[in-house]
Amino acid sequence: MKKILVTGGLGFIGSHTVVELQAEGYEVVVIDNLNNSRKEVKISIEEISGKTFELKVADVTNSIALNELFEEHKFEGVIHFAAHKAVGESVENPVSYYQNNLSGLVSLLGAMEKQGVSNLIFSSSCTVYGATTDLPVTEKTVIQKAESPYGTTKILGEEIINDYAKHKDFKSILLRYFNPVGAHPSAKIGELPLGVPNNLVPYITQTAAGIRKQLTVFGDDYNTIDGTCIRDYIHVVDLAKAHVKALAYCNEMKQPVDVFNVGTGKGNTVLEVIHAFEHSNNIKLAYTVGARRGGDVEQIFADTTKVNELLGWHAHYDIADMMKHAWAWQQNLK
Ligand code: UDP
């Protein structure tokens, strides 16, 4: 059985990916420091898949722990999720972002090199495209200087992998995620935001649950159909499946590194998302329109031709499903 190491495998995207890997017959080992996840997620994953997996509670920046893991197991590949991901927090605390996201990646590459493990899937982000006007964005769209240390760690992470792969027998796929939302249809796993959510969908579900008084729409004076920002929301289960496809593709790749956008290819405004939530769940949401949020780009959505054609991956769920599953998960949260 092919064995895969998933770093950050108890996190939002990681946990859904572990489920999909197990469904495809992979044996999974997870390393997670529980910094932004809970140990109970392991039980929920195992309930969904009916299969167990080994969890090592350790930090990916801990080379000793990583090397031990790589000596104990013969990994076919690694999917690397473990990273900090809050844009605002990265502005406040850039050192912690460079430390965690970049040192973590470097430690991982070091351990992979030592044991000759050659397939890596890396979590990148559409944030690398910045405020591009080249829409929809293809993988050839020019990368812009990042607006936050978080964004910088994604651009540099891609570069580090490119540099490393040039001189090694190595295959890596960089997946540039658009906006991952939703939850597993079983409502057993989903997003666990710490404190007040920064992201739209958890803020919506927490407002509907009465945890937040009302949602603020950040600006309605953008140049879009209803004045609110456009994003390409992608169901986390679809995104998880893209990782499994990417892993298989590593063995067919000619070049050392390839990059794919992972979105639906369809943009939705903030108001469309709110209305989809209301409609799918038959709930009236308390919201108000406020000022723009600094650093938000007006619109971004993916050209998904490459991922569709080369990975044979297509998004299955639409925005209504995303809202239904996000709400079911929120209701299940204790
Ligand atoms: N947004 C909003 N209110 C919120 C959170 C987000 O209006 O409380 C908007 C935000 O301005 C952006 C969109 O929702 O246009 C998606 O934001 P999110 O933080 O979820 O993802 P981002 O695209 O910034 O990574």
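The values are calculated or read from the model by the stated rules, or taken from the named source; none is laboratory data. Every value quoted in this text rests on a predicted model; they were computed, and no experiment measured them. Every residue, glycine as well, gets a Cβ built from its backbone with ideal geometry; the counts of neighbours run over all protein chains shown.
Annotations
- Search result, residues across segment 29-79 that are in contact (Cβ under 8 Å) with a residue 12 or more places away in the chain, hydrophobic (A, V, I, L, M, F, W, C) and assigned to a helix (DSSP H, G or I): VAL41, ILE45, ILE48, ALA65, LEU66, LEU69, PHE70
- Considering residues of segment 196-248 that are crowded, with 20+ Cβ neighbours inside 10 Å and of a type in the set (S, T, N, Q) only, the residue farthest from the ligand (Cβ to nearest atom): THR205
- Screening the candidates GLY227, GLY265, GLY312 for the property of being touching a Lys or Arg at 6+ places or on another chain (Cβ under 9 Å) and part of a loop (DSSP other than H, G, I, E, B) yields one hit, GLY312.
- For MET112, the conditions (1) touching a helix residue (DSSP H, G or I) at 6+ places or on another chain (Cβ under 8 Å); (2) within 28 Å of ALA326 (Cα to Cα); (3) touching a residue at least 40 places away in the same chain (Cβ under 8 Å) are fulfilled apart from (2).
- In this structure, GLY190 does not qualify as under 19 Å from ASN281 (Cβ atoms), out of contact with any helix residue (DSSP H, G or I) (no Cβ under 6 Å at 6 or more places or on another chain), modelled with pLDDT of 95 or more and away from the ligand (no atom under 13 Å from the Cβ).
Let's see how each residue does on (1) within 20 Å of ALA302 (Cβ to Cβ); (2) touching a Gly at 6+ places or on another chain (Cβ under 8 Å); (3) part of a loop (DSSP other than H, G, I, E, B):
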position	(1), (2), (3)
GLU191	no, no, yes
LEU194	no, no, yes
ASN198	no, yes, yes
ASN223	yes, no, yes
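- Residue check for VAL259: part of a strand (DSSP E or B) and either modelled with pLDDT of 95 or more or touching a strand residue (DSSP E or B) at 6+ places or on another chain (Cβ under 6 Å) (or both): yes
- VAL262 closer than 24 Å to ASN162 by Cβ, within 16 Å of the ligand (Cβ to nearest atom) and of a type in the set (Val, Ile, Thr): yes
- Residue ID - surrounded by the most Cβ atoms within 10 Å (Cβ to Cβ), chosen from residues in segment 42-94 that are among the hydroxyl-bearing types (Ser, Thr, Tyr) and in contact with a helix residue (DSSP H, G or I) (Cβ under 7 Å, 6 or more places away or on another chain): SER90
- Here ILE173 fits the description: away from the ligand (no atom under 12 Å from the Cβ), of a type in the set (Val, Ile, Thr), touching an Asp or Glu at 6+ places or on another chain (Cβ under 8 Å) and under 18 Å from GLY8 (Cβ atoms).
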